[in-house]
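Trainee: One structure follows; several queries about it will come next.
The values are calculated or read from the model by the stated rules, or taken from the named source; none is laboratory data. Owing to the predicted nature of the structure, the values given are computational and were not obtained by experimental measurement. Glycine gets a Cβ as well: all are built from the backbone with ideal geometry, and neighbour counts include every protein chain shown.
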Amino acid sequence: MNIAILGADGYIGFNLMMYLANRGHDVVGMDNYSRRLLVNEVGGNSLTPIRDPPQRVAAFHERFGVTLKLGFGEMMSFDTLKLWLKNNEPDAIVHLAEQPSAPFSMMDAHRANRTQQVNVIGTLNLLWAMKEACPKAHLVKLGCYDDQTEVLTKNGWKLFKEIEFSDEICCLDPETERIHYSKPQHIVSYPYVGDMFHIKTRSLDLMVTPNHRIVYRHINRLARGRVPGPIHIANPDKLYGKNFAIPRSGVWEAEDIEDFELPEMSVRSFGGYRQLATVQVYRMDDWLNFFGWYVTEGCVRYRGEPTEVILDQQTDSENADRIRNAMNRLHLHWVESNRPDGTTQFSIANNHLANYLAQFGKSHEKFIPAKLKNISKRQLCILFNSLMAGDGHINARGSKYYHSKSLRLLGDVQEIVMKLGMAGTICSHYRPKRGITEYYLSIADQTNNYSLVKTGNPEEKAHGRTSQTWEPYSGVVYCCTVPSGIIMVRRNGRACWSGNTLGEYGTPNVDIPEGYFEIEYKGRKDRLPFPMQPGSFYHITKAQDTLNIAFACKTWDLCSTDLMQGPVYGAKTQESRADERLLSRLDYDAVFGTVINRYVAQAVAGHPLTPYGSGGQTRGFIYIEDTLRCIEVCIEKPPEPGEHRVFNQFFELYSVLDLAKKVKEICGKRGIDVEVKPIDNPRVEAEKHHYNPSNEGLLNLGVKPHLLDAMLPVFIDDVIPYKDRINPDCILPRVTWK
């Protein structure tokens, strides 16, 4: 069968994609990868290490000989979704592309709005797209927008929704074109449904509302040898269909800083005792030269704690002499050795220096501190030149590139390049043989520090060459107001100047049927949807989805299976056990983690298990592999056209307190001693209640479930190897319903 999966990068989505593909189905997946961002937004992380989508696809092909079709897509764009369905002609559609967290929907008004918009409007888009593109497809839905634009602050790039009034925003004076920093006067976010003006070129990606202001120059003043004309500001409707250029740099003015101070800190001496390393003062020029080499070629060696600084360079290269010169200028003592792989290694046994440099992390974590990005242009050149000498590249045509495994470092270098009068674009390149995505900064010099935006007329659009389009949008839009009216923004790694802007059912005291129930009232009988009592703004979206889907089935003869799913648990499936690169995400934080997943993470991390309140809340649970099998069975045995079928997808009932005791018991058999310590309930819910939902539908379709007693020990053993990835700061709940 041809099966389309929406939300194919998620916990269930990617596991399902592998499961179905490995069983001979033709599977295509779409995701906007927002789940990764949302979990980071609340301070969480996946307990299991998850690879980038291209690496996952390459690993699956290597292990199973099947190429997964997983691509980027946004359900909030109706036209995109409709075209995707039309091109793929699915027999079944599994809808997993929603914001799945009740706590997230209760954090604040912004996140509640986002949950409602993404979930309800996304599902409505899907129903209309099915009606127009594939009305015979079977929709399988489980009862579970993110603005991509960033703004440059004094402390680096931030998503608009993350900025605060204490942040200093990178701004441009339209008269002098001088770069400076200002605190925002206003921070704006509001829901928006309508067309947005999207400008996209190789070096530019800007999407704004019709009332937004765009910063531009006239192209005829950019001819070689001519002084560029002044900056203009206009709304999109004044620019659409015209040629113009958007500036990407400016004039940076700052004073030289004479000295750099290596701060006072406590370090361990080579004799093993601790001592206070006093402030060490270096000339700033010399420090910048050395620091650039460290960022590109260096690391810190640990013996319990940072003790040595290591710099590697190719033997006989000019750069080895440059590194020696950089260390000499700081009067550092080093040992030099030639390694078998043809590199020269410099070892600096300096605890003070090693302890300071350790904060800049490993190769994929490197960054440049704010102080070193806000120095004079002359000194920025020193830092930039050493960075480029280490990891830079100039091709035969004179084009400049800077390579790094750290996206944060690429953003820092992008900022430095802008202050030097140039422009940088973060790009990526997937290497299929190695199964990795490499990132680099493409640098345009002072004569090309703008982006040309060509006409968006119909002829250009027909040939796919337009870089101006109007695109439908539904979600939250963001901005901030600064005195100069111009801010530095970035979208998908492309930076430029831009203007600013003036639980569905609940716990009823009766048994819960599967979707519909027979009722007699005042002598009359009918079969009606079972009334829902949502327990959060997230669960309200699920109730709304059910009504919308049932209406679409009745009105348009669509068919759908609505799976009212209990909490899913488990870390690995048959496919992901074959290769660690195929692991799906596993969230354990108090916002996105389900209760069993949180308990297991707490246990292996040595944290007490934390039932909410008295712990009498009872729920239905299901193992991850059973979830996949249930969906497959539903796909293989679809309902009739016009039918809205509902199954309660779970196999065992437990109270959260009994569940905690079971986790404690099994962990004890593995030598893991853990306490059960109930905490105040952050939610508004009944802690003692009747709960007896029916689950006959899936059992009647032939699903044979795994039970908790057998699978919980396997789950715990699967998690233990990754216990060092657990962040204890995100375990306890910080979101309350009241």
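Trainee: For region 335-350, enumerate the residues that are buried (at least 19 other Cβ atoms within 10 Å of the Cβ) and either assigned to a loop (DSSP other than H, G, I, E, B) or at pLDDT 90 or above (or both). Spell out how you get there, then give the answer.
Mentor: First pass over region 335-350, keeping only residues buried (at least 19 other Cβ atoms within 10 Å of the Cβ): 344, 346, 348, 350.
If the condition is that a residue be buried (at least 19 other Cβ atoms within 10 Å of the Cβ) and either assigned to a loop (DSSP other than H, G, I, E, B) or at pLDDT 90 or above (or both), then PHE346, ILE348, ASN350 are the ones that fit.
Trainee: So which of TYR440, TYR430 is more than 30 Å from ILE214 (Cβ to Cβ) and part of a strand (DSSP E or B)?
Mentor: Details: TYR440 fails: more than 30 Å from ILE214 (Cβ to Cβ).
So the residue among TYR440, TYR430 that is more than 30 Å from ILE214 (Cβ to Cβ) and part of a strand (DSSP E or B) is TYR430.
Trainee: Residues in region 479-502: is at least one at pLDDT below 80, surrounded by fewer than 22 Cβ atoms within 10 Å (Cβ to Cβ) and farther than 20 Å from THR153 by Cβ?
Mentor: Looking for residues that are at pLDDT below 80, surrounded by fewer than 22 Cβ atoms within 10 Å (Cβ to Cβ) and farther than 20 Å from THR153 by Cβ, one finds at least one in region 479-502, hence yes.
Trainee: Oh, and also: Considering region 544-574 alone, what residues qualify as being assigned to a helix (DSSP H, G or I) and either of a type outside the set (Asp, Glu) or surrounded by fewer than 23 Cβ atoms within 10 Å (Cβ to Cβ) (or both)? Steps first, please.
Mentor: The initial filter retains those residues of region 544-574 that are assigned to a helix (DSSP H, G or I), namely 544-556.
Answer for region 544-574, where residues must be assigned to a helix (DSSP H, G or I) and either of a type outside the set (Asp, Glu) or surrounded by fewer than 23 Cβ atoms within 10 Å (Cβ to Cβ) (or both): GLN544, THR546, LEU547, ASN548, ILE549, ALA550, PHE551, ALA552, CYS553, LYS554, THR555, TRP556.
Trainee: Which of (1) closer than 30 Å to ALA601 by Cα; (2) surrounded by fewer than 24 Cβ atoms within 10 Å (Cβ to Cβ); (3) in contact with a Phe, Trp or Tyr (Cβ under 6 Å, 6 or more places away or on another chain) is the odd one out, the single condition ASP9 does not satisfy?
Mentor: (2)
Trainee: With the requirement that a residue be of a type in the set (Val, Ile, Thr) and closer than 27 Å to ARG283 by Cβ, what does region 371-413 give you?
Mentor: Passing the criteria: ILE375, ILE382, VAL413.
Trainee: If you don't mind, another one. Could you run through region 650-674 and say how many residues are under 24 Å from LEU628 (Cα atoms), of a type in the set (A, V, I, L, M) and not in a helix (DSSP H, G or I)?
Mentor: Of the residues in that region, 1 qualify.
Trainee: Follow-up question, since we're still on this one. Any residue that is closer than 15 Å to ALA495 by Cα and over 29 Å from the mean Cα position of the chain (by Cα) - is there at least one of those in region 367-378?
Mentor: no
Trainee: Follow-up question, since we're still on this one. Against the conditions (1) under 15 Å from TYR599 (Cβ atoms); (2) modelled with pLDDT under 80; (3) in a helix (DSSP H, G or I), where does ARG619 fall short? Just the number, please.
Mentor: (3)
Trainee: I'd like to know if region 639-652 contains one or more residues that are crowded, with 20+ Cβ neighbours inside 10 Å, over 21 Å from PRO728 (Cα atoms) and aliphatic (A, V, I, L, M). Talk me through it step by step, then tell me what you get.
Mentor: First pass over region 639-652, keeping only residues crowded, with 20+ Cβ neighbours inside 10 Å: 644-651.
Among the residues that remain, those that are also over 21 Å from PRO728 (Cα atoms) are: 644-651.
Subsequent filtering for residues that are aliphatic (A, V, I, L, M) retains 646.
Within region 639-652 (the criterion being crowded, with 20+ Cβ neighbours inside 10 Å, over 21 Å from PRO728 (Cα atoms) and aliphatic (A, V, I, L, M)), the answer is yes, since at least one residue qualifies.
Trainee: Pairs needed: first member in region 89-113, on the phi > 0 side of the Ramachandran plot; second member anywhere, modelled with pLDDT of 90 or more; C-beta distance under 8 Å; at least 6 residues apart or different chains.
Mentor: GLU89/ASN2; GLU89/CYS134
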